[in-house]
1. In nanometres, what is the gap between the two model label sites at residue 112 and residue 49, each 7 Å from Cα along Cα-to-Cβ?
2. Distance between the C-alpha centers of region 41-100 and region 107-124? Whole Å please.
3. Just by accessible area at a 1.4 angstrom probe, what is the order of 123, 89 from largest to smallest?
4. Hand me the GluC sites (Glu not before Pro) from region 36-136 located in a DSSP loop with no more than 14 other Cβ atoms within 10 Å, in residue order please.
5. Straight-line reach from residue 113: which lysines have Cα under 30 Å away, leaving out those fewer than 8 places along the same chain?
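The values are calculated or read from the model by the stated rules, or taken from the named source; none is laboratory data. Note that the structure is predicted; figures quoted are calculated from it, not measured. Cβ: placed from backbone, ideal geometry, glycine included. Neighbour counts: every protein chain shown. The accessibility values were calculated without ligands, DNA or RNA, using every heavy atom of the protein model including side chains. Shrake-Rupley method; radii C 1.70, N 1.55, O 1.52, S 1.80 Å.
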Amino acid sequence: MTSSPFEQHIPSPGPTVQQQVPSAPTQQVRPTASPKPDPHVQAAQNIQSFFRTRLPRLKALNAIGAIARQFENLTSQFIFPSILDFSESESGPTLLYTPHNAPLHGHDNGLVKLLSKLDAVESHGDDVVRKVRKQLVNRIERELAMLDER
């Protein structure tokens, strides 16, 4: 489209006026090198981190160790009774609750309580704790099986 000679002399509206806000002087932001951490602080943080990750293992192994000592005390003090009282039934002989059988029932009960204590020890997914706990469980179960065989 061509413009007429008239339109050529009509002033065109000028560019729109925008309100300009004076800008703040631009500063170049240079990345500053982070200060090097104090090696003593870093070493302390590493030690704390290591200790915090090992603390649940340490507590669990200490608890298992205490239960193992209780097991050793229980088994070392147990003397199998020379006389046992049984009742005869269709399913076979049943161990009675008599004064002769009290040491055997007490030992059996003590071993079952130790198994319950071991069951309460949390492994927190730690294979070492699981392995040590399982070894002690096996020892206690062997002792219970030996009582049943006698």
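1. For residue 112 paired with residue 49, the spin-label model returns 4.8 nm.
2. Spelled out, the Cα-based centre of one part sits 6 Å from the other.
3. Values: 123 15, 89 55 Å².
Largest to smallest exposure gives the sequence 89, 123.
4. Details: sites: 72, 88, 90, 122; in loops: 88, 90, 122.
Taking region 36-136 and a limit of 14 other Cβ atoms within 10 Å, the loop GluC sites (Glu not before Pro) found are 88, 90, 122.
5. Leaving aside lysines fewer than 8 places away in the same chain, those within reach of residue 113 are 59, 131, 134.
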